[in-house]
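Peer 1: This is the structure, below, for whatever I ask next.
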Amino acid sequence: MVNKQLLNPKSIAVIGASNDTKKPGGNMLKNIISGGFSGSLFVVNPKEEKVQAIKSFSEVKEIPQTDLAILAIPAKYCLETIKTLAEEKNTKAFIIISAGFGEAGEQGKQWEQKIKTTVESVNGCLIGPNCIGVITENYKGVFTAPVPQFNPKGCDLISGSGATAVFIMEAGMALGVSFANVFSVGNA
């Protein structure tokens, strides 16, 4: 279920954000910042005091309530993180860019199913796992490039494959195609 917290979040937490923009969590944060997100932005990285000039929290329990959480952490930590966010932080929208779930074997399938159950229990929205993220008029929540400029009259792109989404964006932009929204849904 797509909800307002996914499409127009007032706050975003990037779990696994990094100062290294070659890492998915680092480039994700960079794209959100450079995309002009105007809401509250929180980052969680236990090894850094600041990430890209934003105060870093060492664990997810420390952040304020947040509408949207973007996870760029190892798969084995995602379930407990989602539970904390859903139950303690009133988070209703989740994007998991991490891989290592249903596509990786039985343990990953179990984690993925438990995450879906947790998100559904709070009437939340889940994009991923194993995706590149989401682009809307309100934020550029992807860890890849290129990041197209928003055009409300542009086309919407929904792709199960992150690589296919990037290819379509690159090819489309070269031909003058503009995009309103991009959803890479991954395993969803």
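Laboratory data are not the source of any read-out in this text; all were calculated from the coordinates shown. Owing to the predicted nature of the structure, the values given are computational and were not obtained by experimental measurement. Virtual Cβ from ideal backbone geometry, glycine too; neighbours counted across all protein chains shown.
Peer 1: With the chain treated as a Gaussian network of Cα nodes joined by springs under 10 Å, which of G154, G25, G102 yields the largest mean-square fluctuation?
Peer 2: The residue with the greatest mean-square fluctuation here is G154.
Peer 1: Mind listing the phi-derived Karplus ³J(HN,Hα) values for segment 105-116, rounded to whole Hz, using 6.51, -1.76 and 1.60 with θ = phi - 60°, and x for any glycine or proline?
Peer 2: For segment 105-116, the Karplus-derived couplings read x, 4, 4, x, 4, 5, 4, 4, 5, 5, 5, 4 Hz, x marking Gly and Pro.
Peer 1: What residues have an amide H closer than 5 Å to that of G160, excluding those fewer than 5 places away on the same chain, when H is modeled at 1.01 Å from N in the peptide plane?
Peer 2: Residues meeting the amide H criterion: V185.
Peer 1: I would also like to ask the following. Does anyone have the angle between helix 162-174 and the longest principal axis of the chain? Alpha-carbon axes, 0 to 90°, nearest 10?
Peer 2: 30 degrees
Peer 1: Choose one answer from I73, I132, I158: the residue with the largest mean-square fluctuation in a GNM of the chain with alpha-carbon springs under 10 Å.
Peer 2: Answer for the Gaussian network model of the chain: I158.
Peer 1: If you don't mind, another one. Could you give the dipole magnitude of segment 4-132 about its Cα centre, charging the beta-carbon of Lys and Arg +1 and that of Asp and Glu -1, in debye to the nearest 20? Each step should come with its number before you reach the end.
Peer 2: Values: 16 positive and 13 negative charges, 48 e Å.
The calculated dipole for segment 4-132 is roughly 240 debye.
Peer 1: Something else: Which ³J(HN,Hα) values in Hz, rounded to whole numbers, follow from the phi angles of segment 57-70 under the Karplus curve 6.51 cos²θ - 1.76 cosθ + 1.60, where θ = phi - 60° and Gly and Pro get x?
Peer 2: My calculation for segment 57-70 gives 8, 7, 8, 5, 5, 8, 6, x, 4, 9, 6, 10, 10, 10 Hz in order.
Peer 1: Run through the DSSP bridge list for segment 4-132 and note the antiparallel percent, rounded to the nearest 5.
Peer 2: Bridges in segment 4-132 that DSSP calls antiparallel: roughly 10 percent.
Peer 1: At q = 0.11 Å⁻¹, what is the base-10 log of I(q)/I(0) for the chain according to the Debye formula with one equal point scatterer per Cα and no solvent? Please give it to two decimals.
Peer 2: Calculated log10 I(q)/I(0) at the listed q: -0.43.
Peer 1: Report the Stokes-Einstein translational diffusion coefficient (µm² s⁻¹, integer) for segment 1-110, Rh taken as the Kirkwood radius over Cα pairs, at 20 °C with viscosity 1.002 mPa s.
Peer 2: Numbers: Rh = 14.1 Å.
In µm²/s, the coefficient rounds to 152.
Peer 1: For F179, what residues show an amide H to amide H distance below 5 Å, using hydrogens built from the backbone and excluding near sequence neighbours?
Peer 2: N151, C155
Peer 1: Which of the GluC sites (Glu not before Pro) found in segment 1-76 are in a DSSP loop and have at most 13 neighbouring Cβ atoms, other than their own, within 10 Å?
Peer 2: E49, E59
Peer 1: Next question. Using alpha carbons only, how many angstrom separate the centre of segment 38-64 from the centre of segment 155-188?
Peer 2: Using only Cα atoms to place each centre, the spacing works out to 29 Å.
Peer 1: Show the residues, 5+ positions off or on another chain, whose built amide H is closer than 5 Å to the amide H of V43.
Peer 2: V14, F57
Peer 1: Hey, another quick one. In a shell of Cβ-Cβ distance under 13 Å around N181, excluding N181 itself, what net charge do Lys and Arg (+1) and Asp and Glu (-1) give?
Peer 2: The answer is 0.
Peer 1: Moving on. Within the set K10/K116; K50/K109; K47/K114; K114/K153; K76/K153, which residue pairs have Cα atoms separated by over 32 Å?
Peer 2: Over 32 Å apart, Cα to Cα: K50/K109; K114/K153; K76/K153.
Peer 1: Run the helix sum for the chain: -39,500 (n - 2.57) per DSSP H stretch of 4+ residues, divided by residue count, reported at 222 nm to the nearest 500 deg cm²/dmol.
Peer 2: Values: 5 runs with 58 residues, N = 188.
Per the formula, -9500 deg cm²/dmol.
Peer 1: Here is a further query. In the Gaussian network model of the chain, springs joining C-alpha atoms below 10 Å, which of K47, K140, K116 carries the largest mean-square fluctuation?
Peer 2: Greatest mean-square fluctuation among the candidates belongs to K47.
Peer 1: In nm, give the distance between the simple-model label positions of K4 and Q113, each being 7 Å from the Cα along the Cα-to-Cβ direction.
Peer 2: 3.5 nm
Peer 1: Short version: ³J(HN,Hα) in whole Hz for each residue of segment 122-136, in order, from phi by Karplus 6.51 cos²θ - 1.76 cosθ + 1.60 (θ = phi - 60°), x for Gly and Pro, what are they?
Peer 2: In residue order, the calculated couplings are 10, 6, x, 10, 10, 10, x, x, 6, 9, 8, x, 9, 10, 10 Hz.
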